[in-house]
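Note sheet for the following structure.
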Amino acid sequence: MNDSPIGIFDSGVGGTSIWKEIQGLMPFEDTIYLADSKNAPYGEKSEGDILTLSIKNTDLLLDMGCKMVVVACNTATTNAIDFLRHHYDVPFIGIEPAIKPAALQSKSKTVGILATRGTLSSRLFHSTSENHASGIRIVEREGSGLVPLIEKGELASDEIKALLYTFLKPMLAEGIDYLVLGCTHYPYLIPVLKEIVPETVQIIDSGEAVARQTKAILIKNGLLNGNGQKGKHVFYGNSNTKTLEKFLNDVPVDVRVSYLDF
Ligand code: DGL
């Protein structure tokens with residue numbers, strides 16, 4: 001048993017979609033979340049810069065006493081998780097686009113994936129696609145421009161809709177029956193996405209699977225919180241924290257949101 005918090009980081013508000021899954025599955029765990037909004041979008045940065053930012057966030061979470069780190073960002077996972085796992089002693093959980101379940105279930109054998117440039121260009125993404133989606137046509141599209149709008153709290157603006165139409169039209173023309181959301185910001189666009197894609201297209205992301213994996217690794221390492229008390233949750237943002245508060249205003253537990261210069 002270990003009562004230290006779980007550390008979670010993302011380039012901004014997107015990873016709160018993962019935090020919600022983790023909190024729902026493990027209500028007794030304390031969490032510390034870092035929203036590195038000042039440096040968003042990670043997806044447009046170089047592999048080296050993404051690694052540097054991931055190290056900075058990890059060091060801060062470990063200084064704060066976290067027992068494990070959840071990299072709640074596909075871009076940081078696909079570019080930095082191998083390094084992090086080799087250089088730190090705590091367990092790391094990452095998130096990658098849910099290509100495998102989509103490929104297994106697709107009837108049209110055509111799967112769309114919307115993710116950042118940083119994710120789609122990473123070696124890890126390519127090896128996952130090659131290993132788990134043979135015989136499947138993957139229609140990739142970079143969601144450039146989406147993260148900055150979501151960071152401003154825009155989830156259904158005309159600009160977001162116009163971008164999504166542009167990104168999704170070619171995928172739909174190719175006959176996708178699964179749309180994989182390969183960025184933790186994108187689940188917040190599901191209501192708008194459902195206006196654009198037909199009901200026959202399944203929209204999937206990896207949030208629930210990441211929460212299950214987090215729990216499994218805590219159990220395996222004897223790190224579950226054993227104090228039997230409702231978890232405490234602290235969120236730090238290094239830019240305008242208003243959006244972070246907005247993304248958390250519907251959660252069923254108390255959370256503390258603060259500005260921190262990191
Ligand atoms: N939430 C990050 C991800 O899952 C967003 C990346 C970005 O900041 O561009 O990829």
Shape of the stretch 67-109, Cα gyration tensor, a/c cut at 1.5: prolate
Between the DSSP loop rule and a limit of at most 10 other Cβ atoms within 10 Å, which GluC sites (Glu not before Pro) in the stretch 191-224 are left? Glu199
Working from the alpha-carbon coordinates of the chain, get Rg over Rh, Rh being the Kirkwood radius. 0.96
Of His126, His87, His185, the one that fluctuates the most in a GNM where the chain has Cα springs shorter than 10 Å: His87
Looking at the chain, send over the antiparallel percent of its DSSP beta bridges, to the nearest 5. 0
With every protein chain present, what is the per residue accessible area of the stretch 1-82 (1.4 Å probe, Å²)? 29
Going through Lys38/Lys215; Lys45/Lys220; Lys109/Lys215; Lys45/Lys152 one by one, the pairs whose alpha carbons sit over 23 Å apart turn out to be Lys38/Lys215; Lys45/Lys220; Lys109/Lys215
Which whole-number percent gives the relative contact order of the chain, counting Cα pairs below 8 Å spaced six or more residues apart? 29
Per residue of the chain, what 222 nm ellipticity follows from adding -39500 (n - 2.57) for every DSSP H run with n ≥ 4, rounded to the nearest 500? -12500 deg cm²/dmol
Could you state the angle between the C-alpha long axis of helix 47-63 and the longest principal axis of the C-alpha atoms of the chain, as a value from 0 to 90 degrees rounded to the nearest 10? 30
Roughly how many Å² is the accessible area per residue of the stretch 182-262, as a whole number, for a 1.4 Å probe? 55
When the convex hull of the C-alpha atoms of the stretch 1-126 is computed, what volume per residue in Å³ does it have? 120
Let's see if you can work this out: charge +1 on each Lys and Arg Cβ, -1 on each Asp and Glu Cβ, no other charges. What is the dipole magnitude of the stretch 148-228 about its Cα centre, in debye to the nearest 20? 420
The alpha-carbon pair-distance distribution computed for the stretch 120-262, with 5 angstrom bins and whole-percent values, is 2, 7, 12, 16, 17, 16, 13, 10, 5, 1, 0
Report in % the part of the accessible area of the chain that belongs to carbon and sulfur, leaving out ligands and nucleic acids; probe 1.4 Å. 50
Helix 74-87 sits off the longest principal axis of the Cα atoms of the chain, rounded to the nearest 10 on a 0 to 90 degree scale, by 40
For the chain, longest principal axis from Cα atoms; helix 123-132 axis from its Cα atoms; angle between them, nearest 10 degrees, is 60
Which three numbers, in whole Å and largest first, are the semi-axes of the equivalent ellipsoid of the stretch 173-213 derived from its Cα gyration tensor as √(5λ)? 20, 12, 8
The chain, Gaussian network, Cα under 10 Å: of Gly237, Gly222, Gly112, the residue fluctuating most is Gly222
If you project the alpha carbons of the stretch 101-161 onto their three principal axes, what span does each projection cover, largest first, in Å? 38, 26, 15
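The values are calculated or read from the model by the stated rules, or taken from the named source; none is laboratory data. Just so you know, these numbers come straight off a predicted model, no measurement behind them. All Cβ positions, even for glycine, are placed from backbone atoms using ideal geometry, and neighbour counts span all protein chains on display. For accessibility, only protein heavy atoms count, side chains too; no ligands or nucleic acids. Shrake-Rupley method; radii C 1.70, N 1.55, O 1.52, S 1.80 Å.
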